[in-house]
Amino acid sequence: MKQIILFLAFVIGSTVTAQNVRSTNPTFEKRIDWLLSESVPFKYVSQLNDELLKEFVVLDAREKEEYDISHIEGARYIGYDHPEFSSVFNVDKDTPLLVYCSIGYRSEKVGEKLRKQGFKNVYNLYGSIFEWVNQGKPIVDSNGEKTTNIHTYNKKWSKWMTNPDYQKTY
């Protein structure tokens with residue numbers, strides 16, 4: 001009986017760990033953790049399948065040039081320097097919002113502003129679009145077509161996008 005309980009604890013513990021992978025790159029994870037204050041709770045790429053993603057209004061907090069190159073399918077552009085809050089104008093304040101950028105810093109700041117505007121369920125995508133593509137998730141271009149091009153903000157930050165199946169642009 002004790003062996004069965006230990007086996008079940010191992011299986012359950014392994015399942016929880018597998019579903020909440022923070023990042024595919026421990027060095028990237030350290031950088032993210034250093035930059036972010038977690039003022040907006042995280043959702044992890046590993047937690048989001050296609051069905052769960054549909055429960056969120058997904059917001060891209062990068063600049064328009066970055067968004068136009070590629071974004072998560074269905075994401076609404078909100079931006080960072082001058083956020084376009086009109087993208088959530090008709091969204092109920094209880095609706096779950098998932099905000100992302102390149103690595104999570106800009107989306108955290110936009111998420112803070114959304115919370116100040118009364119949105120109750122705002123989440124920051126941990127590792128943002130870089131982690132999204134590092135885990136092999138699809139992205140689309142401004143025409144809604146699947147693409148492997150990703151805007152990596154600049155050369156310095158591009159090192160965090162490590163999936164060789166995607167092409168870096170900056």
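What follows draws every value from the coordinates through simple rules; no lab data is involved. Since the structure is predicted, the reported quantities are computational estimates derived from the model, not experimental observations. Note that each Cβ is placed from the backbone with ideal geometry, even for glycine, and that neighbours are counted across all protein chains shown.
Worth pointing out:
- Degrees separating the helix 2-19 axis from the principal Cα axis of the chain, which is the longest one: 10
- FRET efficiency for the K113 to Y170 pair, using the beta carbon distance and R₀ = 22 Å, is estimated at 0.30.
- Taking a ≥ b ≥ c as the square roots of the eigenvalues of the Cα gyration tensor, the stretch 128-170 is oblate, since a/c reaches 1.5 or more and a/b is not larger than b/c.
- Close amide H partners of R76, meaning residues 5 or more places away or on another chain with modelled amide H under 5 Å apart, are V58, L59, D60.
- Given their separation in residues at 0.36 nm each and the Cα-Cα distance between them, V140 and W157 gain 4.1 nm when the chain is fully extended.
- Of the peptides 124-136, 105-117, 49-61, the order by per-residue mean of other Cβ atoms within 10 Å, starting with the highest, comes out as 124-136, 105-117, 49-61.
- Relative to the dominant Cα principal axis of the chain, helix 105-116 is inclined by about 80°.
- Label zone (H82, point 7 Å along Cα-to-C-beta; backbone nitrogen cut-off 20 Å) within the stretch 34-66: 60-66.
- Put a plus charge on the Cβ of each Lys and Arg, a minus charge on the Cβ of each Asp and Glu, and nothing anywhere else: the dipole of the stretch 12-142 about its Cα centre is then about 400 debye.
- The residue list S128, P26, N163 was ranked by how far each Cα lies along the charge dipole of the chain toward its positive end, using unit charges on Cβ atoms, and P26 comes out on top.
- The length gained on full extension between T95 and T148, counted as 0.36 nm times the residue separation minus their Cα-Cα distance, comes to 16.1 nm.
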